[in-house]
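Asker: Quick one: the structure is below, and I'll ask about it shortly.
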Amino acid sequence: MKLHEYQAKEIIKQFGVPIQDGKVAETVEEALAAANSLYEDGPEGKFFVVKAQVHAGGRGKGTIKETGAKGVMVVKGVEGVKEAAEKMLGGTLLTIQNQATGGSKVHKILIARDMYYPGPSERKEYYLSITLDREKGQDVIIASSEGGVNIEEVAEKHPEKIVKEWIDPAVGLQAFQTRKVAYGLGLSGAAFKHGTRFLAALYKAYKQTDADMLEINPMFKTADDQIVAVDCKLSIDGNALYRHKDIAAMRDTAEEDPLEVEASKYKLNYIKLDGNVGCMVNGAGLAMATMDMIKLSGGEPANFLDVGGGASAETVEKGFRIILKDPNVKAILVNIFGGIVRCDRVANGIVEAYKNIGNISVPIIVRLQGTNAELGAKIIDESGLEVTSAITLAEAAQKVKEVLAKTSA
Amino acid sequence: MSILVNKHSKVIVQGFTGKEGSFHAQQMIEYGTQVVGGVTPNKGGQMHLERPVFNTVHEAVQETGADVSIIFVPPAFAADAIMEAADAGVRLIVTITEGIPVKDMIYAKMYIDDRGVRMVGPNCPGVITPGECKLGIMPGFIHSPGSIGILSRSGTLTYEAVDQVTKEGLGQSTCVGIGGDPIIGSTHLDIVKLFNEDPDTKGIVMIGEIGGSNEEIAAEWIKDNVKKPVVGFIAGQTAPPGRRMGHAGAIISGGKGTAKAKMDVMAACGIHVVETPAAIGATMAKALQQAAV
C-alpha cells in the first residue's frame, strides 16, 4: 500500500528519523495557518516548500495542467504560500509517471520548512533507501552520494557511487553497517554521527511497519550538519496490513482508479488498463497470460482481473459488472481453467450472471477448459445469449481476433 | 523416476482439520497420496479423514514416519508452521498458503535454509508426480505420467501447460508450482537442477512471470549445464510497470523484471521461448523431435 509523503514522514518521525517539518493542508486557509505556525519566530521573510501530495513520482518536475505551476514550489513568506496553494489545490498534476493516465488531482498539499538555509558547512543531497533483495531473501540498504536524482540512472551511469549493505535477518542492522554506509557517502564530523543515527532509526521504521520500500530522496545535509529527510516514499506490504490497522486507515482511495476501488470492495483483484478487450480469468498467472494473448490477437487488454479459484456465479457477475463499466471495452474474454471447480458449473454461473445483468451489448467469448469442458461449452452455446464458447487457448485467441474484426468493421 | 515426491512419500497435513486442509487432504487421499496424518494444535488424539490428528509436527513425524509436510495454515500463522515442520525434521515442506507477510518469510526462509530443509512455495499449487503423489491443490486428472518436467510461478497457468503436454501425449515426470511470492523456498534454478539430474525427465517447461530475476538466473545456468530441451514462457508482457499483478511477486520495479527482458535472456540461453501460452505443448513436442534427430 502506497502512502503520501506527509503520512510517510509522520510515521518515520515516530521512530526518531529527523524530517523536514511540515503541515498538510486541504484548503488555502489551512495552508496559511500552516505557514504561520511552522517557524517559532513567525513566517516573515522565511522560505517555504509547498508540495503537491499525490502518489505519483516526479512531482518536482511535474506541472499543474490548469495553472502551469510546478508540483513542488519554493516560495517566500505567507503570500508566497497563498499563491502556491491557490495554484496547486484542485489542479491536476501531470508528472512523467502519471501523464499516461491523465494525471492526479491535487487534494492535499504539504507546507514545509525550507531546509536549504545558509551556514558554515556544505549543503548536500544524498539518496538512501531500504528494500527487499528478493534473490538474497534479505533487506538491503542502498545509498548514494548522488541525491535528488533518479537512482536507476545513477546505477546505470555511476555504479561506483552506490553503496549497498545487506542486513542479516538473524541479527538485524549492526552499528558497523551504519558506519560503513555513512563513510561510503563521504560524511564526516557531526554529519557522520547524525547520518549513522538517521540510518539506524530509518531501519527501525522500515522493519516495524512491515514496509516493502522506504526511500529518502533526497536525504539532506544542512549547512549546520543536520541530516534530514526532505522527501519520503513509504510503501507497506499489503499482506502485513492486518497488523497495522493505523497505517491501513491511511489508505487514500482518491489516489486510486474508481473502478479498482469498487472492485476491491467485492474482493476482486482488478487492475484497470486502457485497452479495448476486457478479461476475467481464474489465477494471476493465467490472467497475465490471457492479457498477453489478447494483445497477440490484435486487441489491447482493458484490465487484469483474477476472480480466484472458485469462479462462482456471484463473483463472475461482479466481475462482469466492473468490466462493463469501462466504456472502452468492446469485447470480453472469460478464461477459466476449471480444475476442482467443474466447467459446467462455471458455465451455468456465467449464464446466470449474464441474465441477471441483462442488456450486455458487447460480445463475450467464454473459454472453459478442465473438468467437463465440453459440457460447459454446450451450456454456453445453447444459452441463446450473445456468447461464443471456446475450449483451447488457441481457439479463444482466434475468436477474439474474429470479434475484433467485426467490431472494427 | 521423478523429483521431490513419489509413491513412497509419507505426507502429513498442517492445518489438517481446517476447511482448506480437509478438502484438499481428501482430494490427495483419493488421488492415492500416502497421507499418514495431520497436525492441528489442541486437536491431537482425534481422528480426521480416518487418519490421526497430532498436536505438534514433532509428534506426527515420530508416530507416522512422515518425511513430507504440506501446509494449509492461515497466513498469520504460516511462517511459524513452516519453522515447526523444519524443526521436526521433515525432508520437504510444501506451503500452499497465500498472503504471508514478507517479513515473516525472511525469517522462515533463513530458518529452513539453516537446517537444510527444502521448501516449495508459499503461494503455490504444490507438487505432483502423476500417478504417484499429488501434494497440493491442482486437479489430478489433467496430469498423466510421462517425461516432461514442468515448473511455474502460477497455478492455473501451470494447469494450462500440463493439459497441453498431456494432450501432446507426452505426460509429466513431476510438476512443481514454485509460488508467486517475492520470497520462495525453491527458485526456478533449484527445480531446474533437479529436473536436469532426473534421468526420466526428457524435457523441461519453465514458466515465469514479471518481477525479480529468478528466470534469468535459471536461464544462464541452463545455457551451460542443460542438454535437455527447455520451453519457456513469461506471463505479463502487457503488464504495466509498478503494479502488482495479483501475485505479490509479480511487479516490474525500477524498470527491472519485465517480460521482454526475461524472454530475451532465456532465448539467448537457448531456451525455446513461446510468445503465447497456447504454444507450450506443441513447441515441446517439436523440440523433443529435434533433440532426437
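The values are calculated or read from the model by the stated rules, or taken from the named source; none is laboratory data. From a predicted model like this one, the values you see are computed outputs, not experimental measurements. Glycine also receives a Cβ, built like all others from the backbone with ideal geometry; neighbour counts cover every protein chain displayed. Surface accessibility is based on the protein's heavy atoms, side chains included, excluding ligands, DNA and RNA. Shrake-Rupley method; radii C 1.70, N 1.55, O 1.52, S 1.80 Å.
Asker: Determine, for each peptide in B:262-274, B:79-91, the mean count of other beta carbons within 10 angstrom over its residues, then list the peptides with the highest first.
Answerer: Highest mean packing first, the order is B:79-91, B:262-274.
Asker: May I ask which of B:Lys19/B:Lys202; B:Lys43/B:Lys134; A:Lys221/B:Lys109; A:Lys355/B:Lys262 have a Cα-Cα span longer than 32 Å here?
Answerer: Listed pairs above 32 Å: B:Lys19/B:Lys202; A:Lys221/B:Lys109; A:Lys355/B:Lys262.
Asker: Continuing with this model, one more query. How large is the Rg to Rh ratio of segment A:1-43 when both quantities use alpha carbon positions and Rh follows Kirkwood?
Answerer: Over the Cα atoms of segment A:1-43, Rg/Rh equals 1.03.
Asker: Next question. In chain B, carbon and sulfur make up what percent of the accessible area (probe 1.4 Å)?
Answerer: Answer for chain B is 52 percent, counting heavy atoms of protein chains only.
Asker: Quick query: amide H of B:Arg118 versus all other amide H atoms, modeled in the peptide plane; which residues come in under 5 Å with a sequence gap of 5 or more or a different chain?
Answerer: B:Ile93
Asker: Oh, and also: I'd like the trypsin sites (Lys or Arg not before Pro) in segment A:293-364 restricted to DSSP loop residues with at most 15 other Cβ atoms within 10 Å, sorted by number.
Answerer: Of the trypsin sites (Lys or Arg not before Pro), the ones in loops of segment A:293-364 whose Cβ has at most 15 other Cβ atoms within 10 Å are A:Lys325.
Asker: May I ask you to list the GluC sites (Glu not before Pro) in segment A:360-408 that are in a DSSP loop and have at most 14 other Cβ atoms within 10 Å of their Cβ?
Answerer: A:Glu382, A:Glu386
Asker: What average number of partner chain Cβ atoms lie no more than 10 Å from the Cβ of the residues making up A:133-140?
Answerer: That works out to 6 on average.
Asker: What accessible area per residue comes out for the protein assembly as shown, rounded to a whole number of Å², with a 1.4 Å probe?
Answerer: Ligands and nucleic acids excluded, the figure is 40 Å² per residue.
Asker: So, one more: For A:Lys61 and A:Asn359, what is the calculated FRET efficiency with R₀ set at 41 Å and r taken between the beta-carbons, to the nearest 0.05?
Answerer: With a Förster radius of 41 Å, E is 0.35.
Asker: Once amide H atoms are placed 1.01 Å from N in the peptide plane, what residues at a sequence separation of 5 or more from B:Gly232, or on another chain, have their amide H within under 5 Å of its amide H?
Answerer: B:Met206, B:His272, B:Val273, B:Val274
Asker: Sort B:241-254, B:102-115 for me by packing, meaning the mean count of neighbouring Cβ atoms within 10 Å per residue, highest on top.
Answerer: With the highest mean Cβ count within 10 Å placed first, the list reads B:241-254, B:102-115.
Asker: Something else about it: Using the Cβ atoms and a cut-off under 13 Å, what net charge is assigned to the surroundings of B:Met266, where Lys and Arg are +1 and Asp and Glu are -1?
Answerer: My count for the surroundings of B:Met266 gives -3.
Asker: Then there is this: Find, among the trypsin sites (Lys or Arg not before Pro) in segment A:29-99, those assigned to loop by DSSP (not H, G, I, E, B) with at most 16 other beta-carbon atoms within 10 angstrom.
Answerer: Those satisfying the criteria are A:Lys61, A:Lys65.
Asker: Around A:Lys70, what is the net charge, scoring Lys/Arg as +1 and Asp/Glu as -1 over all other residues with Cβ under 10 Å from its Cβ?
Answerer: +4
Asker: How big is the shadow of the Cα convex hull of the protein assembly as shown, averaged over all directions, in nm²?
Answerer: Orientation-averaged projected area of the Cα hull: 33.0 nm².
Asker: Same structure, new question: Can you find, among A:Gln226, A:Leu214, A:Ala175, the residue sitting farthest towards the positive end of the charge dipole of segment A:148-248, where Lys and Arg contribute +1 and Asp and Glu -1 at Cβ?
Answerer: It is A:Ala175.
Asker: What net charge is computed for the residues neighbouring B:Lys202, neighbours being all others with C-beta under 11 Å from the C-beta of B:Lys202, Lys and Arg scored +1, Asp and Glu -1?
Answerer: Every neighbour counted, the sum reads 0.
Asker: Here is a follow-up. Across peptide A:391-399, what mean number of C-beta atoms from other chains lies inside 10 Å of a residue's C-beta?
Answerer: Taking all residues of A:391-399 together, the mean is 3.
Asker: Now for a separate question. Would you work out what percent of the accessible area of segment A:119-162, with all protein chains in place, is carbon or sulfur (probe 1.4 Å)?
Answerer: Exposed carbon and sulfur together represent 43 percent of the surface.
Asker: A further question follows. Among the listed pairs A:Lys82/A:Lys108; A:Lys2/A:Lys204; A:Lys9/A:Lys204; A:Lys108/B:Lys256, give every one whose C-alpha distance is greater than 25 Å.
Answerer: A:Lys108/B:Lys256
Asker: Next question, about the same structure. Let me have the 222 nm mean residue ellipticity of the protein assembly as shown computed from DSSP H runs of 4+ only, each contributing -39500 (n - 2.57), with the sum over all residues rounded to the nearest 500.
Answerer: When only DSSP H runs of four or more count, the value is -11000 deg cm²/dmol.
Asker: Using the charge dipole of segment B:151-233 (Lys, Arg: +1 at Cβ; Asp, Glu: -1 at Cβ; taken about the Cα centre), state which of B:Thr201, B:Thr187, B:Val176 has its Cα farthest towards the positive end.
Answerer: Ranked along the dipole, the leading option is B:Thr201.
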